[in-house]
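Contents: one structure, followed by commentary.
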């Protein structure tokens, strides 16, 4: 998986577990595509400080996934729903599958 896509996915699932400071800087790197220099200047910290914070966030978010496996479980559930979609199920069941898909 491309790194930026993986970072975004991990952040979508576990980003709320980061501090506000970590979230702001991580979002600037991952979503706003700002350079480390731009962020360092805006935040009044060193480029190395920004780099270290992003690396720590990457590690923390990856560890959350290793322990909780929410992304892995979501992917498995989505595949099972895809298989059920291919079956000849009555309309009410398809409606419930849609509801479940929106939850994951």
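FYI, it's all coordinate maths here, none of it is from the lab. Only a predicted model underlies this, so the values are computations on that prediction, with no experimental measurement involved. Note that each Cβ is placed from the backbone with ideal geometry, even for glycine, and that neighbours are counted across all protein chains shown.
Would you call residue 93 surrounded by 14 or more Cβ atoms within 10 Å (Cβ to Cβ) and more than 12 Å from the chain's Cα centre (by Cα)? Please lay out each step first, then the result.
Numbers: surrounded by 14 or more Cβ atoms within 10 Å (Cβ to Cβ): no; more than 12 Å from the chain's Cα centre (by Cα): yes.
So residue 93 fails the test.
In the range 26-65, of all residues being free of Cβ contacts under 8 Å to residues at least 12 places away in the same chain and either closer than 13 Å to residue 14 by Cβ or touching a strand residue (DSSP E or B) at 6+ places or on another chain (Cβ under 8 Å) (or both), the one that is surrounded by the fewest Cβ atoms within 10 Å (Cβ to Cβ) corresponds to 59. Scanning the range 66-97 for residues that are touching a helix residue (DSSP H, G or I) at 6+ places or on another chain (Cβ under 9 Å), part of a helix (DSSP H, G or I) and more than 26 Å from residue 10 (Cβ to Cβ) yields 84, 85, 93, 94, 97.
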